[in-house]
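The values are calculated or read from the model by the stated rules, or taken from the named source; none is laboratory data. On a predicted model such as this, the values are computed, not experimentally measured, just so you know. Glycine also receives a Cβ, built like all others from the backbone with ideal geometry; neighbour counts cover every protein chain displayed. These area figures cover heavy atoms from the full protein model, side chains too; ligands, DNA and RNA do not enter into them. Shrake-Rupley method; radii C 1.70, N 1.55, O 1.52, S 1.80 Å.
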Amino acid sequence: MVVSGADSLTLADGTSHPTGYWAEEVVESVRVLREAGVEVTLATPGGVVPTVDKVSLDGRFDEAVATLEDLRAPAVLSDVDAAAFDAIYLPGGHGPMADLASDTALGALLAEFHDAGKVVAALCHGPAGLLSAVRSDGTFVFAGKEMTVFSNEEERQGGLNVPYLVADRLTELGARVSAGEPWSSTVVVDGGLVTGQNPQSSVATAERVASLLA
């Protein structure tokens, strides 16, 4: 599970907005996967201790975030050996827009997982990390793949003046992006690619990944 190490996002107007990973997406995904018998390793760029988006701490996940030891000592993303894992999972929060979207180590890993036919999963803003998966010839690893992501309408309703819309960037690279109703649990599976639209899709996304691994 690759978690953003970013603690801020530069908005479209040039101002800095505090961000990080979304608590529910990490906590619930880890819970569902581990309850299904999946061994989960968390990694971040540079092995930094990730920052939780404080907006996502509404009382339901505060204790889980505080006690999830993996978050205090994540693996270094660039040290991850794709051969040692069966799946890669990218939870969201706006953080991935700031770092994972352009992380070359992540892009190389995603290409390895995809080319080996392994499971690639991304949730909410996690698909921003898929933007890093561009080959040396300029082709997008996931071109032609059907996927979902935090929708433009959800972004509009959220009211944050983001620097770009992830759905539009993915579409520009050749992905086939679809969206369910705003804030609905929506999961799209295209072969080994599993994507969830928003935090409400956390459990269903992890369950589909666990099912594919089983």
Can you work out which of the residues in region 84-113 that are of a type in the set (A, V, I, L, M, F, W, C) and in a strand (DSSP E or B) is most open to solvent (accessible area, probe 1.4 Å)?
Ala87
Answer yes or no as to whether Glu154 is open to solvent by 60 Å² or more (accessible area, probe 1.4 Å), farther than 27 Å from Val48 by Cα and of a type outside the set (Gly, Ala, Ser).
no
Being β-branched (Val, Ile, Thr), touching an Asp or Glu at 6+ places or on another chain (Cβ under 7 Å) and part of a helix (DSSP H, G or I), is that true of even one residue in region 166-187?
no
Just to be sure, is Val162 assigned to a loop (DSSP other than H, G, I, E, B), surrounded by 15 or more Cβ atoms within 10 Å (Cβ to Cβ) and either of a type in the set (Lys, Arg) or modelled with pLDDT of 95 or more (or both)?
yes
Just a yes or no: is a residue in region 60-76 farther than 23 Å from Thr139 by Cβ, in contact with a His (Cβ under 9 Å, 6 or more places away or on another chain) and part of a helix (DSSP H, G or I)?
no
Quick test of your reading of the structure: Val27 fulfils all but one of (1) open to solvent by less than 40 Å² (accessible area, probe 1.4 Å); (2) part of a loop (DSSP other than H, G, I, E, B); (3) under 25 Å from Leu160 (Cα atoms). Name the failing condition by number.
(2)
Here the residues within region 114-156 that are in a helix (DSSP H, G or I) and either in contact (Cβ under 8 Å) with a residue 60 or more places away in the chain or in contact with a Pro (Cβ under 6 Å, 6 or more places away or on another chain) (or both) are His114, Gly126, Pro127, Ala128, Gly129, Glu153, Glu154
